[in-house]
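Everything below concerns the one structure shown next.
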Amino acid sequence: MRRLRVGEPVLGADGRRLGALERLVVDEQAHRVTHLVIHGRLVSVQHVRDVNGTRLQADLDQAGLTGQPQAGPELVSAPGAHWTAPGGYSIDDFLAIASALIGQGPYVPPVHLELDLSAVHEISPGSHVWSGTEHLGDVSQLLTDDQGNVESLVLRRRGLLGRRVLLPARHVREVVGSSVHVDLTGDEVNALPQYEDPAG
């Protein structure tokens, strides 16, 4: 576990300064810090490691950071009135994942880094798919290989009479809660092949 300090520097993969830790993102349902906001971008804690207990280092360079989703209101929002900032922190230090469930009682968010996120993020039917701040559509189903690994998402496009396209899983950049961020533009998604259901 690593206690986090808002404002502390974060180094990039090359050892140079990537930016500063601006805010902490907490999934209320999972009760843990899942992302750090660095230079306005959401960086999963899976990309970050502690170096000798004195500094944080990400496995991203500047280009990799730019490819991470923006910390915009479609993915994260200010915590609600049920939040209680722990000692040494203010409520402005935190963002909450927009798609996470909100508990009923007062909630003190965690302020440490825990690297096991295996149960936090999940792509499922109904997950919103984003490119930057553009909502591309929603996942209608997942296609897997014989080992159960996700190969493609069937994406129901917005506004195009429910047209469904086949989105290869390699284009998924990040999953924030149940929201999926991809590295394709809306036009590139429109050019993807239409999904033909083998069951008819």
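Only the coordinates and a few stated rules stand behind these numbers; no lab work does. A quick note: this is a predicted structure, and the numbers were derived from the prediction, not measured. Counting neighbours? That spans all protein chains shown, and the Cβs are built from the backbone with ideal geometry, glycine included.
Considering amide H positions built from the backbone, and no H for Pro or chain starts, which residues 5 or more places from Gly19, or on another chain, come under 5 Å of its amide H?
Close amide H contacts, sequence-distant or interchain: Val10.
Which peptide among 171-184, 9-22 comes first, and what is the full order, when sorted by highest mean count of other Cβ atoms within 10 Å?
Working: 171-184: 20.6, 9-22: 15.9.
The densest-packed peptide leads the list: 171-184, 9-22.
Check Thr34: other-chain or 5+ apart residues with amide H under 5 Å from its amide H, H built from backbone geometry?
Val25, Val26, Asp27
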